[in-house]
1. Over 18 Å between C-alpha atoms is what I'm after, so list which of 178/227; 143/178; 77/110; 143/219; 110/178 land there.
2. Hey, what did the chain get for relative contact order, percent, Cα under 8 Å, at least 6 apart?
3. When only C-alpha pairs under 8 Å and at least 6 residues apart count, what is the relative contact order of the range 2-66, in percent?
4. Rank 128, 17, 212 by mean-square fluctuation in a GNM of the chain with C-alpha springs under 10 angstrom and give only the top-ranked residue.
5. Between 191, 148, 82, where does the largest GNM mean-square fluctuation fall for the chain, given springs only between Cα atoms within less than 10 Å?
6. When DSSP beta bridges are limited to those with both residues in the chain, what percentage is antiparallel, rounded to the nearest 5?
7. For the chain, set up a Gaussian network in which alpha carbons nearer than 10 Å are linked by springs, and say which option among 193, 114, 50 fluctuates the most.
8. Along the three principal axes, how long is the range 2-66 when you take its alpha carbons, biggest first, rounded to the nearest angstrom?
Amino acid sequence: TAALSSYCASAGIPSIVFLPANRISIAQLVQPIANGAFVLSIDTDFDGCMQLIREVTAELPIYLANSLNSLRLEGQKTAAIEILQQFDWQVPDWVIVPGGNLGNIYAFYKGFQMCKELGLVDRIPRLVCAQAANANPLYLYFKSGWKEFKPVRAQTTFASAIQIGDPVSIDRVVHALKNCNGIVEEATEEELMDAMAQADSTGMFTCPHTGVALTALFKLRNSGVIKPTDRTVVVSTAHGLKFTQSKIDYHSKNIKDLACQFANPPMQVKADFGSVMDVLSKYLQSKAPKYH
């Protein structure tokens, strides 16, 4: 929605954005607003918005630009081509992508498959679709051995952009995963928030959706599915600045039922030299190299 609003604004094209009320961060909401989009905040979830968009665009002369539109996937697949370019056409063993509506991971498959068909590479990576456990219809379908797909009622997740229980690209992504020997993994709220915090502590500033993908990486490495020598790409889908409130709540240990084990809250210190020295001494001792 942010990119659509921005490009429409620069081209002088009116844009309309459907968003679920109280389900996304203020930062996600403010971008299309600032770019002049006509934003409809609707009292439903992402699946409800998707259904309304399909009905409205069938009646009005409005161009549909979400992942139901195959041209959107043509644009998204360029990310797969860029990964191959940046690895000098050495194909990674695994690519892990967070999945909600599932257009994104199918687009990656299309990009990799196109490069193979063109002879630029001789194989494609194994894809992993990472879902939030609170919105995991593809994961449940995968675990059933692809027997029967059942939409779910998506529960609230910090990974709000993938809080989708009835993905529109379900058939396409199943085709893709079967053709690349792909896997589906899931992440609980605690796992995804811990993974996000761990990534941030290495100098990144990630979003909760990236935390979902990183959780899949951790689980698949721990189970031995991804080998220590496998080259693995984790796709980061948004900037952490869109999700600052969730980070504040995490580091304040202010999230119900979450231990927030990697929280790093600010230390309250009195404004005198002795107190500051005591705190710094303890900190520096804790960071001193351990010699054996």
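1. 178/227
2. 15
3. 33
4. 17
5. 148
6. The antiparallel fraction comes to roughly 5 percent.
7. 114
8. 29, 29, 14
Bear in mind that the values in this text are calculations on the coordinates, not laboratory data. Remember, predicted model here, so these are calculated numbers, not experimental data.
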